[in-house]
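K.L.:
The structure that follows is given in the form of structure tokens.
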Amino acid sequence: MIIKSLELADFRNYENVKIDFSSGTNILYGDNAQGKTNILEAIFVSATTKSHKGSKDKEIIRFGKEEAHIRTILEKDNAEYRVDMHLRKNKSKGIAIDSQKIKRASDLIGMLNVVFFSPEDLSIIKNGPSERRRFMDMELCQLDQIYLNSLSKYNKLVVERNRVLKDLFEHPENSVLLDVQDKQLCEYGSVIIKTREKFIKDLNEIIRPIHSKLTGEKEILSVYYEPNVESDEFEKKLTASRKKDIYSKQTTVGPHKDDFSFIVRKNPDEEGIDIRKYGSQGQQRTASLSLKLSEIEIVKRAKKENPVLLLDDVLSELDSNRQNYLLNTIGNIQTIITCTGLDEFVNNRFEIDKLFKVTEGTVSSEN
Ligand SMILES: Nc1ncnc2c1ncn2[C@@H]1O[C@H](COP(=O)(O)OP(=O)(O)OP(=O)(O)O)[C@@H](O)[C@H]1O
Ligand SMILES: [Mg+2]
């Protein structure tokens, strides 16, 4: 799958821009704050309907404007598709594929798969559980409609349940609502827990050889799912924690509290160390890189096609070994890379198919 072109109107600092990408390696370079990341963000939005930064639509629309447009032309299986997105300040976004409006934003999912890699991703193991859940959710939501729908319903329910818990003192009659919400939480929560279980199982097969190569066969990396609650015990535990939840005014049990651990071993028989807590910074960064690289393979397997790889300023963060590994992995995947300067390493290592200079919300092709 490749992105042939991207057209933006009133998106972030772009008034109007059209970019024709190569199916190989594309480089966007320019000084800070010129709009490089904004281009990758636009691609991410047209793939997932959401910003990689979690920005709201009204923040994405150009300052002083009411709406923004993104048009993406894709090619997959020798057919071309046009995805149009219309972002509005206080309304949900409109989306059309080949001029056919789609009803729900989630119907777009799977049309375009991207793997977005930013320097913060290298901290995914060092950071807290919410970052790791976000990683898993972003991936699963791109690949699995049922998961996407269950997660969005589940998250809404948690917010609603917490609101009921907060107001319960003044509205004790609302406690019947909790019974209904608990049932629904279990229904959607179980889907989330089971899907995550399977995801981590598949991830292990993929991440192990990658990590082994990245560390020169020195480390064996395993990932373990740490569900806050097992799916068949969810209902029971939710009931048991009701008193505590009322007291603390929040839902304390459920997959919104999940985590997963990263265990590194030198040989298969030893217990290994949990690198979230005991890993060196380098170990944490390398395992995070393994995790991101696994994402490419996960999409390939699930979709039977290559994702588009978006590398936001990430190469300068890696030593030359890791850079090499990353660049070798890219192979024949369409890649869009941002960087501030065309340093020597960029010129030497890359086969640059297309080079773009980004200046104050304009993009000019240099070859
Ligand atoms: N809604 C918006 N409307 C107009 N401009 C915006 C909006 N949101 C962000 N910007 C501008 O976009 C610019 C940032 O763009 P971007 O993050 O793409 O920069 P960059 O080229 O990636 O820089 P760096 O190299 O520092 O990462 C900022 O100058 C910011 O003011
Ligand atoms: Mg940037």
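K.L.:
Quick one: which residue in D319, D313, D343 is within 19 Å of S123 (Cα to Cα) and within 16 Å of ligand 1 (Cβ to nearest atom)?
P.N.:
D313
K.L.:
A follow-up question, please. Look through the range 23-38, keep the residues that are away from ligand 2 (no atom under 11 Å from the Cβ) and not in a strand (DSSP E or B), and return whichever of them is most open to solvent (accessible area, probe 1.4 Å).
P.N.:
S23
K.L.:
Another one. Confirm whether E41 is loosely packed, with under 13 Cβ neighbours inside 10 Å and either within 21 Å of T335 (Cβ to Cβ) or not assigned by TED's automatic domain parsing to the domain that holds L311 (or both).
P.N.:
Spelling it out, it is not the case that E41 is loosely packed, with under 13 Cβ neighbours inside 10 Å and either within 21 Å of T335 (Cβ to Cβ) or not assigned by TED's automatic domain parsing to the domain that holds L311 (or both).
K.L.:
Within the range 38-52, take every residue that is within 11 Å of ligand 1 (Cβ to nearest atom) and in contact with an Asp or Glu (Cβ under 7 Å, 6 or more places away or on another chain) and give me the one that is farthest from A105 (Cα to Cα).
P.N.:
The residue in question is L40.
Listed here are the residues, each with its yes/no results for (1) assigned to a helix (DSSP H, G or I); (2) buried (at least 16 other Cβ atoms within 10 Å of the Cβ).
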{"site": "L148", "(1), (2)": "yes, yes"}
{"site": "V164", "(1), (2)": "yes, yes"}
{"site": "F169", "(1), (2)": "no, no"}
{"site": "D179", "(1), (2)": "yes, no"}
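K.L.:
Hey, another quick one. When the residues of the range 71-94 are narrowed to those that are among the charged types (D, E, K, R) and outside any strand (DSSP E or B), which ends up modelled with the lowest pLDDT?
P.N.:
The qualifying residue modelled with the lowest pLDDT is D77.
K.L.:
Something else now. Criterion first (touching a residue at least 12 places away in the same chain (Cβ under 8 Å), in a loop (DSSP other than H, G, I, E, B), out of contact with any Phe, Trp or Tyr (no Cβ under 6 Å at 6 or more places or on another chain) and hydroxyl-bearing (S, T, Y)) does S46 satisfy it?
P.N.:
No, not satisfied.
K.L.:
Can you name the helices (runs of 4 or more DSSP H) wholly within the range 210-328 that have at least 1 residues being of a type in the set (D, E) and open to solvent by less than 70 Å² (accessible area, probe 1.4 Å)?
P.N.:
Per the criteria, 242-248, 281-303.
The values are calculated or read from the model by the stated rules, or taken from the named source; none is laboratory data. Computed from a predicted structure; not experimentally measured. Here the Cβ is made from the backbone with ideal geometry for all residues, glycine too, and neighbour counts use every protein chain on show. Only protein heavy atoms, including side chains, enter the accessible area calculation; ligands, DNA and RNA are left aside. Shrake-Rupley method; radii C 1.70, N 1.55, O 1.52, S 1.80 Å.
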